[in-house]
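Below is one structure, written out as structure tokens, with a few remarks after it.
The values are calculated or read from the model by the stated rules, or taken from the named source; none is laboratory data. Since this is a predicted model, take the numbers as computed values, not measurements. In this analysis, Cβ positions are derived from the backbone assuming ideal geometry, glycine residues included, and neighbour counts consider all displayed protein chains. Surface areas here come from the heavy atoms of the whole protein model, side chains and all, with no ligands, DNA or RNA. Shrake-Rupley method; radii C 1.70, N 1.55, O 1.52, S 1.80 Å.
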Amino acid sequence: MSRRSGVLEFAVLGLLRESPMHGYELRKRLNTSLGVFRAFSYGSLYPCLKTLVQQGWLTEETGHSPDDPRATPLSNRRAKIVYRLTADGKERFEELLGQTGPDAWEDEHFGVRFAFFGQTSRDVRMRVLEGRRSRLEERLAKMRASMARTREKLDAYTLELQRHGMESVEREVRWLNELIESEREGRPHRASPQDRAPGEPDGIQGRHRAGSSEDDTTT
């Protein structure tokens, strides 16, 4: 399984742990609550859902409620397929939630892992945060060394772009330091929107917000 599909599997299982959803609703949650998935399409989501069903981690339920007018024989609307987490699926999510290897620290996966920190044990949160900080400190050291070697060869705009990249990483390291300190002291971290780290998905602060009011008729 590729790294990106692994991230999607984790996010889907995590969202369905909260409540069953049909595909369109699930895609909206991925797009609006976990900003890293904005570029995902139905072509990416549905193969993942079918794989999870085949693995026994999800079940598919089809149908409308009895008072739903869209369920009449004259309606051309298709019944929604609702995806529900199985007991094995919950175990699989718990297994993924406890993993703290290097993938959990990478840019794409870290944001999704952080979005589910409310369901993650404190020791796992600490390992992921410290791993992420270590990875960024390594990146920052390489960026500084590269700038020191090449600054005389770069034009002003390229140099400014490199400075901007370094400042973004430095801000995230400071943010991680605050989070780690909060975890060590056993107090929750309450970040305001302006304190959000550069790499943090938009949906972390509002992951439980309701979706939009678009017509949810597509499976």
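Miscellaneous remarks
- Residue list for segment 115-125, restricted to those being surrounded by 16 or more Cβ atoms within 10 Å (Cβ to Cβ) and in contact (Cβ under 8 Å) with a residue 24 or more places away in the chain: ALA115, PHE116, VAL124, ARG125
- Of residues in segment 104-114 being open to solvent by 10 Å² or more (accessible area, probe 1.4 Å) and assigned to a helix (DSSP H, G or I), the one modelled with the lowest pLDDT: GLU108
- Flag for THR59 being at pLDDT 90 or above and closer than 11 Å to LEU13 by Cα: no
- In the set LEU136, LEU85, only one residue is surrounded by 13 or more Cβ atoms within 10 Å (Cβ to Cβ), modelled with pLDDT of 95 or more, under 18 Å from SER182 (Cβ atoms) and of a type in the set (A, V, I, L, M); that residue is LEU136.
- Output for segment 149-162, where each listed residue is closer than 19 Å to GLU137 by Cα and surrounded by 13 or more Cβ atoms within 10 Å (Cβ to Cβ): GLN162
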